[in-house]
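The values are calculated or read from the model by the stated rules, or taken from the named source; none is laboratory data. Fair warning: this is a prediction, and the values are worked out from it, not measured in the lab. Here the Cβ positions follow ideal geometry from the backbone for every residue, glycine too, while neighbour counts run over all protein chains shown. In case anyone asks, the SASA skips ligands and DNA or RNA and just uses the protein heavy atoms, side chains included. Shrake-Rupley method; radii C 1.70, N 1.55, O 1.52, S 1.80 Å.
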Amino acid sequence: MKIALKYFLLVIACLFVNNHASAQKSDFDWSPVVDAIMMVESRGNCNARNGIYCGPLQIAPCLVNEVNNILKRRNTTKRYTLNDRFNKQKSKEMFVIIQSYYNPNNNIERAIRMWQGGIRYKVNRTQRYFEKVMSYMN
């Protein structure tokens, strides 16, 4: 009985470590998706502004806060500022962090729809946006 319990605990520990590590870093290449979203959002203009949305990915302050909360949960010291929204590379990093947390299966359609419609997006409300982004990817 003790051997079975030890084996079970070892398997659970390995699953936790593997899931925790994969949630921290994704080897998925988001570049084509992010580049297409940038074209739709701002034509790639790092200085673009539309109300509270800024930068090449038109990031709102609440998204910067959410990224920082995710990083805090992951026990990392890295944090982003509102000015980082104007930096193309840092904007891409924030996109990847959001996707790794809310879209761990790297579903491209979900990533696109979620970027425009939020975590609880509606397919019918994000359809036109999805089609625009996809046209830049093809």
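Odds and ends about this structure:
- Enumerated helices (runs of 4 or more DSSP H) restricted to the range 25-109, each holding at least 1 residues that are closer than 25 Å to E131 by Cα and touching a Ser or Thr at 6+ places or on another chain (Cβ under 6 Å): 88-102
- Residue check for R125: among the basic types (K, R), more than 13 Å from E41 (Cα to Cα) and either buried (at least 17 other Cβ atoms within 10 Å of the Cβ) or in contact with a helix residue (DSSP H, G or I) (Cβ under 7 Å, 6 or more places away or on another chain) (or both): yes
- Residues in the range 110-122 that are in contact with a helix residue (DSSP H, G or I) (Cβ under 7 Å, 6 or more places away or on another chain) and either open to solvent by 20 Å² or more (accessible area, probe 1.4 Å) or not β-branched (V, I, T) (or both): A111, R113, M114, W115, Q116, G117, I119, Y121.
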